[in-house]
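Down below is the structure, laid out as structure tokens.
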Amino acid sequence: MTDEPTALVEVALPVPLFQTFTYALNPESTVIPVAGSRVVVPFRNRREIGVCLGPAQARVTGPKLKRIIEVPDDEPVLSADMIALCSWISEYYVVPVGLALKAALPASLTGASHPQPTRKTHRIVRLREDLPTLTHREKAFARAPQQRALFELLESLGGTSTLEHLLQRLAFSPSVLKALEKRGLIRVEAEEVDRDPFALRPGEAARTHQPTAPQRDAIRRLTAASPGEVFLLHGITGSGKTLVYIELLKEIVDVRGQTGIVLVPEIALTPQTVDRFRAVFGDRIAVLHSALSDGERYDAWRALKRGEKRIAVGARSAIFAPLSNVGAIIVDEEHEASYKQGETPRYHAREVAIVRARAEGSIVVLGSATPSLESWSNAEAGKYTLLTLPERVGGGRLPKVEIVDLRHRATPLADTSTGPGTGYSAVIRDELDRALSHTLQRGEQSILLLNRRGYSAFVQCNDCGDVVVCPNCSITLTHHRAPERLLCHYCAHQEPLRARCARCGGQTLKQRGLGTQQVERLVSDRFPGARIARMDVDTTSGKWAHAEILDRVGGGAVDILLGTQMIAKGLDFPNVTLVGVVDADVGINLPDFRASERCFQLLSQVAGRAGRGPKGGKVIIQTRVPTHHAVSCAVAHDYSTFVREELEGRIKPAYPPNLRLANIVFSGTSDRAASGLAIRGADWIRELLQTQTGGQVAIVGPAPCPIEKVKTRWRWHVLLKSQNPSELTRVGRYFMKRFPVPAALRVTFDRDPVTLL
Ligand code: ADP
Ligand code: ZN
């Protein structure tokens, strides 16, 4: 990085091209761009906001060379460290560096149309001139007593006030103000205000717990860590991982004067965790919530960059928090799939955290009760340091888990008809029903998990067996009530319910497979007095909907909390003594190598919500596959057996973490074009592999993706497998840069995919 003026600079643009661009400086501009500065440049007859990477490498001249239009900021928006991090992302995930840099900046700094973010401002009124003597005053305000009153009020307020206060609270008219402004006696100016909607949440009082012995041990080892060290904190549910994070951050921020980053899967789902951090660190925390507007997000970003906030808490993109001197990066619930971005750049925040920490000398804490197989094997291999919290705090024990075997029963679960009053006993079996009753009678709370939203999973013709699917996706439509419709969970296509089968005209259309809406109806019919809250995507569209529901549960205003996987995470309610899993098998048979792992994690996490208080608790799991190891290990709280068996299952055929994987998806609006491209792509790679690598990368496919069509695009894929990560990078980059893709067709490269669907 240099502050020397240079004639030509290299610019990264957020366009899907694997190259950077050379621009000439604008002689009229007063600000000289340096590495990390934003620049507005002409690009293909439009303007783009790019990031200057420093002086141009090559000497380019000639009339074609274009000039920078504008340098919007006085200072670079990205540090050298951050540029290096984005360059790594660009290299490893095989994405243009301009797109990686864009992901690291708040949206308001990268939108092509608004280079200046809109900031929330207060209008401030200031006195400009003194009127020292009484005669001055009498003369100046001879015929304007209102102006005099306002002038003297401002004097008494110390010379400034907000416009709002003067006009609303003190009821001065705007014309009086304008007149004073016109006479040059006052000035109205804009002053920026920082907005932090999380600050409006009532804070939890800072509770000071004495760390337990395992917590103390973990804290001691974390504070004695060497820079760049990565820890896997394996703590069972309720073992008090949050306290460990907080004690570490106290040391990092308060004692060492450094900064910290806390990643959580999704802020909206974890208001309790965020509240605990806020209770300790107060306004030194910036909470990067998804409900923030672009302007609010920018405010938080700026406060972090200036060092006004010392800790960033947020979902995956918070890994780009513009903090300097980062002492610790915490990745809570590190196994969560949401840390992987589903669109370009397809980075995994956990891996980016580790790379950032190594470069900046921070330590990393990956925390989970059910660590990902990747992190677990890294800990076993000695790459990460394993810390364990094996007990629940306060002498609590993990809840007892019971299985209800849904096989060999009269009514199969998936066959509930929609007739009124039917179905409850097929959906909630006796054991779970009795437990719910008792829990209600005792005035305690229950959680019911069903990981499928809507009313019923799909609609099927009784005569020909045809299932109603989305016209845009190869996915069945889900029946939703209130409003009544069929909905696609992939593309949001909706249509009215059908009276007859589109294929055979049959008039008996059966609802199959349960959704949360149906369970809510059945349970409220069964327990009319119970206060039931449903939490899924459909009930949480409002900005603060999650927190509102969870606050009601915490406040004792809910008897039964029912929901999808949203309710499985992070919740810490001591009065929840029963957790029921309505159907553990949702998702267990998906054609995806992580299906079992995800099922085990979900069951273990939701079971961990029970029995967090002195009253204890129990868990009842309804399943048709009680011997499936994802279920049986969750029942036994046996993480290590699960991991051992699951790792063995991924040897043949080999899947991560036994090797490295990249999923290349070819898509287009016709199936033939997509498959044709996939075949050409696979041939292209096979040829490349024969000539270029010593057999270190293997290719599988092409084949249709398990979900063949999404949003009108047909999808085919090939997998690249290798033990050697840098060979995989090399092949991936070579292919993505050179393989020709006709317009209208698309190729995406997903490194370390979390799903192959
Ligand atoms: P985890 O994230 O590991 O599931 P939490 O961090 O949510 O667990 O902690 C579980 C509960 O235990 C919380 O209510 C927390 O306030 C409490 N807790 C944590 N550490 C202690 C301690 N040392 N003494 C008493 N209570 C504690
Ligand atoms: Zn669809």
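General observations
- Nitroxide proxy distance, nm - points 7 Å out along Cα→Cβ at residue 464 and residue 65: 6.9
- Computed magnitude of the charge dipole of the range 505-626 (debye, nearest 20; Cβ of K, R +1, Cβ of D, E -1): 180
- Cysteines without a disulfide-compatible partner [the chain; Cβ-Cβ under 4.7 Å]: 52, 86, 491, 599, 633, 705
- Between residue 405 and residue 44, the simple spin-label model (points 7 angstrom out along Cα→Cβ) gives 6.2 nm.
- With contacts taken as Cα pairs under 8 Å and at least 6 residues apart, the chain reaches a relative contact order of 10 percent.
- Once backbone amide H atoms are built at 1.01 Å from N, residue 387 has 232, 233, 234 as its partners under 5 Å, excluding neighbours fewer than 5 places away on the same chain.
- Student exercise, the range 607-757 dipole from Lys, Arg, Asp, Glu Cβ charges, in Debye to nearest 20: 480
- Amide hydrogen neighbours beyond the local backbone of residue 448, cut-off 5 Å, H modeled: 561, 562, 563, 580
- Cα convex hull of the range 652-705 - mean projected area over all directions, nm²: 4.3
- Converting phi to 3J(HN,Hα) with the Karplus coefficients 6.51, -1.76 and 1.60 and the offset θ = phi - 60°, the range 739-753 yields 5, x, 10, x, 4, 6, 9, 9, 10, 10, 10, 10, 7, 6, x Hz in sequence order, with x at every glycine or proline.
- Structure note, pairs 102/340; 102/305; 510/543; 250/615; 241/721; 340/383: Cα-Cα distances above 27 angstrom occur for 510/543; 250/615; 241/721.
- Listing 289, 480, 209 from fewest to most neighbouring C-beta atoms within 10 Å gives 209, 480, 289.
- Difference of contour (0.36 nm per residue) and Cα-Cα distance, residue 497 to residue 691: 64.2 nm
- Neighbour counts of other Cβ atoms within 10 Å put 92, 347 in the fewest-to-most order 92, 347.
- Rounded, prolate or oblate (a/c below 1.5 giving rounded, otherwise prolate when a/b exceeds b/c) for the range 638-757 by Cα gyration tensor: oblate
- Set of aspartates and glutamates near residue 66 by C-alpha distance (under 13 Å), chain-local residues within fewer than 8 positions excluded: 10, 48
- Toward the positive end of the charge dipole of the range 622-710, with +1 on the Cβ of Lys and Arg and -1 on the Cβ of Asp and Glu, the farthest Cα among 705, 668, 635 is that of 668.
- Taking max minus min of the alpha-carbon positions on each principal axis, the chain gives extents of 100, 71, 64 Å, largest first.
- 0 to 90° range, to nearest 10: angle between helix 294-305 axis and the chain longest Cα axis: 70
- Shape call, the range 473-554: gyration tensor on alpha carbons, a/c limit 1.5: oblate
- Cβ-based exposure ranking for 329, 186, in which fewest neighbours within 10 Å come first: 186, 329
- Between 0 and 90 degrees, the angle of helix 725-738 with respect to the longest Cα principal axis of the chain falls at about 70 degrees.
- Inverse of mean 1/r across different Cα pairs in the range 248-354, Kirkwood, Å: 13.8
- The chain, dipole about Cα centre (Lys/Arg Cβ +1, Asp/Glu Cβ -1), debye to the nearest 20: 1120
- Listed by chain and number, the lysines whose alpha-carbon sits under 26 Å from that of residue 178, ignoring those within fewer than 8 places in the same chain, are 120, 139.
- Cα gyration tensor category, rounded, prolate or oblate, for the range 62-108 with a/c compared to 1.5: oblate
- Between 0 and 90°, nearest 10: helix 145-156 axis offset from the chain longest Cα axis: 70
- Positive-end extreme of charge dipole, the chain - chosen from 96, 214, 576 (charges on Cβ): 96
- Cβ-based charge dipole, the range 376-525, positive-most Cα from 377, 426, 436: 377
- Based on the convex hull around the alpha carbon atoms, the range 504-630 presents an average projected area of 10.9 nm².
Any read-out appearing in this document is the output of simple, stated calculations on the displayed coordinates, not a laboratory observation. Given the structure is predicted, the values throughout are model-derived calculations rather than measurements. Counting neighbours? That spans all protein chains shown, and the Cβs are built from the backbone with ideal geometry, glycine included.
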